Structures are given as C-alpha cells and as structure tokens.
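Trainee: The structure is given below, and queries will be raised subsequently.
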Amino acid sequence: MIALKVTQVGNSLGVVLPKDALNDLQVGKGDTLYLTRAPDGSMRISPYDDRVQQQIEIGQKLMDEHRDVFRALAK
C-alpha cells in the first residue's frame with residue numbers, strides 16, 4: 001500500500017504519485033489517468049486506455065438511443 005498526502009495545488013487539491021507508482025502505471029508528465037469506483041466501493045487509478053474510451057462512448061450512445069427503456073427499467 002502506498003500512502004498519498006492530499007496537498008494544495010493552486011485553488012485545487014491534489015496528490016503526488018511516487019516514482020515507483022508512475023513506473024508501475026507506465027505513465028509520465030501529461031498522461032491521462034482515470035479514477036474509477038469499483039463495485040466494492042474502493043477507488044482505482046488506471047492509465048488512459050483507448051478501449052475504455054470506446055466502451056464509454058458505446059455506452060453513452062446506447063443510453064441515448066434507448067433512453068425510454070432505461071427509464072422503464074429504473075422504475
């Protein structure tokens with residue numbers, strides 16, 4: 001486990017990832033990371049992946065096309 005400290009970055013808050021974590025994620029300055037919530041409520045940081053972006057776009061398109069179905073299922 002790696003402990004991260006929340007710090008002030010301008011008007012925002014941020015964390016600094018240690019070099020080992022950046023190496024494990026295979027990311028560097030300017031790369032995009034995703035923070036996602038797992039089904040168990042934990043959070044996960046992962047590097048940008050074109051496949052994830054494609055899946056998100058497909059999901060958004062399906063939700064737009066079948067909005068009525070999703071509303072009915074949500075009741």
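The values are calculated or read from the model by the stated rules, or taken from the named source; none is laboratory data. All figures in this text were calculated on a predicted structure; none of them were measured in a lab. Cβ: placed from backbone, ideal geometry, glycine included. Neighbour counts: every protein chain shown. Calculation scope for accessible area: heavy atoms of the full protein, side chains included, ligands and nucleic acids excluded. Shrake-Rupley method; radii C 1.70, N 1.55, O 1.52, S 1.80 Å.
Trainee: Six or more apart or on different chains, Cβ atoms under 8 Å: show the pairs whose first residue is in the range 18-36 and polar (S, T, N, Q) and whose second is open to solvent by 70 Å² or more (accessible area, probe 1.4 Å).
Mentor: Listed pairs, sorted by first residue: Thr32/Tyr48; Thr36/Met43; Thr36/Arg44.
Trainee: Considering only the range 41-51, I want to know if a residue exists there that is polar (S, T, N, Q), free of Cβ contacts under 8 Å to residues at least 60 places away in the same chain and in contact with a Phe, Trp or Tyr (Cβ under 7 Å, 6 or more places away or on another chain).
Mentor: There is at least one residue in the range 41-51 that is polar (S, T, N, Q), free of Cβ contacts under 8 Å to residues at least 60 places away in the same chain and in contact with a Phe, Trp or Tyr (Cβ under 7 Å, 6 or more places away or on another chain).
Trainee: Okay, next question. Scanning the range 1-34 for residues that are within 23 Å of Val52 (Cα to Cα) and among the polar types (S, T, N, Q), which turns out most open to solvent (accessible area, probe 1.4 Å)? Give the derivation first.
Mentor: At the first step, the residues of the range 1-34 found to be within 23 Å of Val52 (Cα to Cα) are 17, 21-34.
Those still in the list that are among the polar types (S, T, N, Q) too: 23, 26, 32.
Details: Asn23: 100, Gln26: 160, Thr32: 72 Å².
Once the filter is applied, the top-ranked residue is Gln26.
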